[in-house]
Amino acid sequence: MDDHSGKSPDHLTINVTHRDDPVFEVTEADAFASARKYPNIVVRGPLFGLAAQRRGERPRWRLMGELDTGFPQMARDELNSHLWFKAKDDTEDRAERRSLLAAVARLETEPVNEVTADGVRYRIVRADEFARIGGGRLEPPRATDPDDDSWDLDAPESSRTKDFVVDHAAAVGLAEGIDRAGLLQLSYTADRFPYDVRADSQRALTTHPGVVLLPTTFRVVERKELSWSMVTGQHATPQAARRALVDHLTRPMPQLPDLPDMPELPAWMKVDEKEQAIHERAAKKFMARRRPNELLVRGRRFEVVRAERVMRIGPDGPERPRPSDTDDYGPSQIHPLMDEEGNITYGT
């Protein structure tokens, strides 16, 4: 029996469109070519972040940041700080500040995944990070991925994730529509995942049957014999990941000055000047190339790869953390007490 007769709910709609635009055509062709070359996916695991829904944007949600933390509580703490500083700096209205501080108080004592403050719904949301793989290698950046050519290591990072609108029914190209359809049944099945993780993943296929692809990010990984290890965090463009690799190679942790009674630094914290010179030469050659995605240094292979994230969507929007998503610590008071007048009490 069809439980959704007539118009499908937004969380079940994949709206495919075609634009008569040369850039759109090239991007679509690039996506189809990559799908053939990298036909499989490897799932790294969940990431967590914040989303908000204002009255005028329902049923859509807007991401508030990068969605790059590995534990739900880290995202809750981020929301705690956001609301506390909003109460401190962004309002003079006592009722609004009281509403914001009430949400802060809950976040200080309960591992809640949603609060409402001043008419805005705030939610801790999860997504699964994955990479495409084919021929034994992870997918590198595509020619059509947004990019730049700057090697300024101190340049501020842009963001394509912050303010991204989570809208399952938004129009997408054919390639993304096919991708999303192929991800509908994605779940954790490998034995390396505990039973409760696999059970929650399977359950999510029913509770949150829709999927949305978030903006692609890029990471630097080190390729090992049978695996890869991450070298950098998420970056909005391939070039930002390349800059992060150069920074990793050329800006090692500085050696602290000798101080009385200070124990000797462990070997891994010391800078090997010969090794550092080799890294700097390799980085210089790397920067001389245009948009390189691989670097071999002393037998170590670094690669710039695409990292994608898929968010599951249910009737009430993006998926919250699952019961099997673990935390290393619980909620706590992060900021001093504040009253509805904005007065702050420091100390105990």
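The values are calculated or read from the model by the stated rules, or taken from the named source; none is laboratory data. As the structure is a prediction and not an experimental result, all values here were calculated from the model. Cβ placement follows ideal geometry from the backbone for every residue including glycine, while neighbour counts extend to all protein chains displayed. For accessibility, only protein heavy atoms count, side chains too; no ligands or nucleic acids. Shrake-Rupley method; radii C 1.70, N 1.55, O 1.52, S 1.80 Å.
Entry remark, the stretch 113-171: residues being closer than 16 Å to F218 by Cα and charged (D, E, K, R) number 13 in total.
The number of residues in the stretch 276-287 that are hydrophobic (A, V, I, L, M, F, W, C) and either open to solvent by 10 Å² or more (accessible area, probe 1.4 Å) or within 30 Å of Y122 (Cα to Cα) (or both) comes to 4.
Tallying residues that are in contact (Cβ under 8 Å) with a residue 24 or more places away in the chain and surrounded by fewer than 16 Cβ atoms within 10 Å (Cβ to Cβ) within the stretch 115-136 yields 3. Considering (1) without any contact (Cβ under 8 Å) to a residue 40 or more places away in the chain; (2) in a helix (DSSP H, G or I); (3) within 24 Å of D167 (Cα to Cα), the lone condition that A103 does not fulfil carries the number (3). Of all residues in the stretch 304-338, those satisfying the criterion of being within 30 Å of V165 (Cβ to Cβ), more than 17 Å from the chain's Cα centre (by Cα) and in a strand (DSSP E or B) are G314, G317.
The set of residues in the stretch 288-303 being surrounded by 13 or more Cβ atoms within 10 Å (Cβ to Cβ) and in a loop (DSSP other than H, G, I, E, B) consists of R291, P292, N293.
Test R76 against the stated conditions and say whether it is open to solvent by 30 Å² or more (accessible area, probe 1.4 Å) and under 30 Å from S201 (Cα atoms). Judged against the criteria, R76 is not a match. Kindly indicate whether any position in the stretch 21-29 is charged (D, E, K, R) and part of a helix (DSSP H, G or I). The answer is yes; a qualifying residue exists. Residues that are of a type in the set (A, V, I, L, M, F, W, C) and open to solvent by less than 30 Å² (accessible area, probe 1.4 Å) were ranked within the stretch 304-337; the one that is nearest to H11 (Cα to Cα) is I313. Within the stretch 137-160, the set of residues being part of a strand (DSSP E or B) and either among the basic types (K, R) or open to solvent by 40 Å² or more (accessible area, probe 1.4 Å) (or both) comprises R137 only. Scan the stretch 87-100 residue by residue and report those that are part of a helix (DSSP H, G or I) and either within 23 Å of the chain's Cα centre (by Cα) or surrounded by fewer than 19 Cβ atoms within 10 Å (Cβ to Cβ) (or both). Scanning the stretch 87-100 gives K88, D89, R94, A95, E96, R98.
Taking the stretch 161-172 as the range and being surrounded by 17 or more Cβ atoms within 10 Å (Cβ to Cβ) and either of a type in the set (V, I, T) or without any contact (Cβ under 8 Å) to a residue 12 or more places away in the chain (or both) as the test, the residues that pass are T161, V166, V172.
Within the stretch 173-229, the set of residues being part of a strand (DSSP E or B), buried (at least 19 other Cβ atoms within 10 Å of the Cβ) and modelled with pLDDT under 95 comprises just one member, W228.
For the stretch 18-73, give me each residue that is of a type in the set (D, E) and surrounded by 13 or more Cβ atoms within 10 Å (Cβ to Cβ).
Listed by number, the residues that qualify are E25, E28, D30, E57, E66, D68.
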